[in-house]
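Colleague: Quick one: the structure is below, questions incoming.
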């Protein structure tokens with residue numbers, strides 16, 4: 001906003017001269033010699049600083065007008081009283097133009113009348129260049145970079161044809177075009193106009209906060225901070241901590257379901273599991289437990305063909321009744337960006353796959369799970385598989401769990417059942 005200066009005249013009271021006590025005479029201004037009187041109104045003092053500030057403002061306004069003219073209108077001739085200047089005519093090999101006002105590149109030029117010799121046997125443009133000087137060129141692009149006035153084609157002695165190239169825009173048209181300039185709404189990605197808002201709770205991303213909104217938010221924060229002293233905060237923190245702890249513990253307590261898969265980590269070696277006949281590379285159990293997951297089923301050697309495969313599956317069938325089930329497993333595939341590794345539950349009688357979980361490729365230890373439903377009693381087996389071209393790298397699986405209901409924490413009840421069966425087979429009924 002423009003800060004307008006309120007200028008005031010100095011008004012002396014001619015009935016009250018200022019006297020010099022030492023001489024008894026009226027004082028005079030040391031610079032101008034004019035007699036001094038007491039003032040009815042003090043005038044605005046003119047200083048070089050104020051004058052320079054005015055000059056800076058005039059310069060800024062001039063630059064702004066040039067910019068607006070260039071952006072909104074372009075290059076044009078300004079008509080006065082309905083008459084457009086810079087009218088050109090050609091005679092012989094000479095072009096003549098009248099005086100006029102031209103805007104070129106946002107700058108205003110008062111161009112005087114003049115004339116110029118034309119080139120023979122050539123099509124040429126007469127134009128006002130960006131320096132305000134009338135010039136000629138055979139290039140249309142060069143003429144359009146300034147303000148094109150006139151096109152003339154000549155032969156050896158005179159003019160063949162001419163064409164008026166002037167563009168005129170009146171002051172009224174300039175104002176109209178500037179009024180119609182569309183300023184976009186501001187957003188997170190572009191500049192533009194915004195709506196001010198006093199709200200301190202709005203989630204709007206296009207409004208701008210006023211100083212009042214900022215101050216209201218500050219006062220609200222102070223009030224809330226003062227209210228949250230230690231007598232309030234400590235009991236609240238204790239309550240929140242207890243709630244979080246209860247949520248975690250209750251989730252563990254309330255979501256434990258028996259694991260139906262025997263030897264689900266390989267901690268018993270390959271007992272309860274068998275590598276499929278015809279495997280390109282057999283699965284094994286890694287004898288040095290991982291610090292992250294403990295024991296795991298491992299597939300390390302390379303496979304060279306897309307048709308190569310390795311399969312490991314449970315020996316005994318698992319009987320499922322009609323219910324909802326969750327299957328979960330933890331994979332490791334670092335160094336194998338292209339291999340297809342997965343685990344699945346399948347109907348041991350028909351071979352129909354009831355649930356399949358693919359491993360993420362080239363990934364560190366990661367747990368995955370999937371749910372499925374069984375409509376009637378069915379016998380199933382669990383299968384681990386690696387298919388396709390595989391590099392020499394560890395591909396591993398562990399903590400397999402098949403349980404009734406939703407997702408639950410890993411447990412290994414079936415491992416103990418398997419061990420008991422093996423012991424009974426060795427030493428008879430126990």
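Colleague: Can you sort 256, 318 so the residue with the fewest Cβ neighbours within 10 Å comes first? Let's see the in-between values first.
Modeller: Numbers: 256 14, 318 17.
Ascending number of Cβ neighbours within 10 Å: 256, 318.
Colleague: To continue, here is another question. Only bridges whose two residues both fall in the chain count here: according to DSSP, what percent of them are antiparallel, nearest 5? Each step should come with its number before you reach the end.
Modeller: Values: 85 of 89 bridges.
In the chain, DSSP labels about 95 percent of beta bridges as antiparallel.
Colleague: Take the chain, connect every pair of alpha-carbon atoms lying under 10 Å apart with a spring to form a Gaussian network, then pick out the residue of 12, 235, 358 with the largest mean-square fluctuation.
Modeller: Comparing 12, 235, 358 in the GNM, the peak value goes to 12.
Colleague: Let me ask something additional. Specify the angular offset, from 0 to 90 degrees and rounded to the nearest 10, of the alpha carbon long axis of helix 230-254 from the longest principal axis of the alpha carbons in the chain.
Modeller: The two axes meet at around 40 degrees.
Colleague: Here is a follow-up. Pick from 353, 40, 293: which residue has the top mean-square fluctuation in a GNM of the chain where Cα pairs under 10 Å get a spring?
Modeller: 40
Colleague: While we're here: Write down the Kirkwood hydrodynamic radius of the chain, to one decimal in angstroms, obtained as one divided by the mean of 1/r over all alpha carbon pairs. All intermediate terms of the calculation are to be shown ahead of the outcome.
Modeller: Details: mean 1/r = 0.0298 Å⁻¹.
One decimal place: 33.6 Å for the Kirkwood radius.
Colleague: While we're looking at this one, here's another question. 7 Å from Cα along Cα→Cβ at both residue 362 and residue 242: what's the point-to-point distance in nm?
Modeller: For the pair residue 362/residue 242, the computed spacing is 5.1 nm.
Colleague: Still on this structure: Taking the chain as the reference, fit the longest principal axis to its C-alpha atoms, fit the long axis of helix 211-227 to the helix C-alpha atoms, and give the angle between the two in degrees, 0 to 90, nearest 10.
Modeller: Helix 211-227 sits at roughly 40 degrees to that axis.
Colleague: Going by how many other Cβ atoms sit within 10 Å of their own, how do 264, 373 line up, fewest first? Working shown, then result.
Modeller: Details: 264 30, 373 11.
So the residues, fewest neighbours to most, are 373, 264.
Colleague: Over its Cα atoms, what ratio of radius of gyration to 2.2 N^0.38 Å does the stretch 273-423 give?
Modeller: 1.04
Colleague: So for the chain, averaging the separation of alpha carbon pairs under 8 Å that are six or more residues apart and normalising by length, what relative contact order in percent results? If you can, show how the numbers build up before the last one.
Modeller: On the way: 816 pairs, mean separation 45.3, N = 430.
Averaging sequence separation for qualifying contacts and normalising by length gives 11 percent for the chain.
Colleague: Let's test the formula: R0 of 25 Å, r as the Cβ-Cβ distance of residue 60 and residue 137. What FRET efficiency results, to the nearest 0.05? Working shown, then result.
Modeller: Working: r = 34 Å, r/R0 = 1.37.
The computed FRET efficiency comes out at 0.15.
Colleague: Counting each pair of different Cα atoms once, what's the Kirkwood radius of the stretch 76-171 in Å, rounded to one decimal?
Modeller: Working: mean 1/r = 0.0758 Å⁻¹.
Evaluated over the stretch 76-171, this radius sits at 13.2 Å.
Colleague: Let me ask another. Could you tell me which of rounded, prolate or oblate describes the stretch 348-403, using a ≥ b ≥ c as the square roots of the eigenvalues of the alpha-carbon gyration tensor, with rounded for a/c under 1.5 and, failing that, prolate when a/b is larger than b/c and oblate otherwise? Don't skip to the answer; put the middle values down first.
Modeller: Details: a/c = 2.80, a/b = 1.83, b/c = 1.53.
Prolate.
Colleague: According to a simple spin-label model (label point 7 Å from Cα along Cα-to-Cβ), what is the distance in nm between residue 258 and residue 15?
Modeller: For the pair residue 15/residue 258, the computed spacing is 12.0 nm.
Colleague: Helix 48-72 versus the longest principal axis of the chain: what angle, 0 to 90°, nearest 10, using Cα atoms?
Modeller: Compared with the principal axis, the helix lies near 70 degrees.
Colleague: Fewest first, what order do 125, 410 take by the number of other Cβ atoms within 10 Å?
Modeller: Details: 125 22, 410 17.
Least crowded to most crowded, the residues run 410, 125.
Colleague: Let me ask you something else. With just the Cα atoms defining each centre, how far is the stretch 114-128 from the stretch 374-408? Give it in Å.
Modeller: Cα centres, the stretch 114-128 to the stretch 374-408: 88 Å.
Colleague: Rank 87, 30, 302 by mean-square fluctuation in a GNM of the chain with C-alpha springs under 10 angstrom and give only the top-ranked residue.
Modeller: Greatest mean-square fluctuation among the candidates belongs to 30.
Colleague: Two decimals is fine: what is log10 I(q)/I(0) at q = 0.24, 0.26, 0.35 Å⁻¹ for the stretch 89-129, from a Debye sum with one equal scatterer on every Cα and no solvent?
Modeller: Per q value, in the given order, log10 I(q)/I(0) is -0.86, -0.93, -1.25.
Taken together, the values in this text are just the output of simple stated rules run on the coordinates, not laboratory data. What you see is a predicted model, and the numbers here were worked out from it, not measured in a lab. Positions of Cβ are generated from backbone atoms using ideal geometry, with glycine treated the same way; all protein chains shown enter the neighbour counts.
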